[in-house]
Structure formats: structure tokens, C-alpha cells
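Here is the structure we will look at, set down as C-alpha cells.
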Amino acid sequence: MKNAKFKVGDFVLFPEDNGCYENDDYGIVTDVAIIGGEGADLKRYYHIYWAIEQESTIEEDSWAEESIELIARA
């Protein structure tokens with residue numbers, strides 16, 4: 001499994017041009033979970049709390065690492 005792009009406490013940006021929202025949304029990574037069996041069955045998920053939407057989401061790493069930008073590391 002490759003290294004995680006994001007860590008707990010990171011300040012991230014989901015740009016409006018990557019999704020269906022009219023504005024950029026900023027978030028904080030609240031947890032990084034690795035779930036699954038062994039080897040290739042392992043998957044990493046980022047738990048992110050979004051400021052504008054004011055909700056938490058769980059994003060699979062393959063999508064998050066392509067769609068979300070790191071703004072600042074804690």
C-alpha cells in the first residue's frame with residue numbers, strides 16, 4: 001500500500017471545478033482509516049469534516065487523492 005497523501009489535521013480544499021458545488025469547500029482530515037484484509041485487499045479512507053457543507057464524509061483514497069488538494073499540513 002502506498003503512503004497516504006493526507007494526514008490527520010491536514011487542511012484540504014475540494015475545488016468547485018472537481019464537483020457539483022458552486023463554491024470551493026475546505027475541510028479538515030479527522031481520521032485516516034485502513035480497512036480490509038491483507039495486501040491488495042487493504043483500502044485507505046479519509047474522514048473529512050467540510051466547513052461549508054458542515055458535514056463529515058468518508059472518502060476512498062483513490063478518489064480523494066485525485067480530487068482534493070492539500071492546503072496546509074498541521
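The values are calculated or read from the model by the stated rules, or taken from the named source; none is laboratory data. Treat the numbers as computed from the prediction; the structure is a model and nothing was measured. Here Cβ is always computed from backbone atoms with ideal geometry, including for glycine, and neighbour counts include all displayed protein chains. Quick note on the areas: whole protein, heavy atoms, side chains included, nothing else; ligands and nucleic acids left out. Shrake-Rupley method; radii C 1.70, N 1.55, O 1.52, S 1.80 Å.
Figures for the structure shown
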quantity: Residues being open to solvent by 70 Å² or more (accessible area, probe 1.4 Å), over 18 Å from residue 2 (Cβ atoms) and either outside any strand (DSSP E or B) or modelled with pLDDT under 90 (or both) - total across the range 19-55; calculated: 7
quantity: Residues (more than 12 Å from residue 5 (Cα to Cα) and surrounded by 14 or more Cβ atoms within 10 Å (Cβ to Cβ)) located in the range 56-66; calculated: 57, 59
quantity: Extreme residue, farthest from residue 30 (Cα to Cα), among residues of the range 41-74 that are among the aromatic types (Phe, Trp, Tyr) and free of Cβ contacts under 8 Å to residues at least 40 places away in the same chain; calculated: 63
quantity: Single unsatisfied condition, residue 63 versus (1) part of a helix (DSSP H, G or I); (2) at pLDDT 95 or above; calculated: (2)
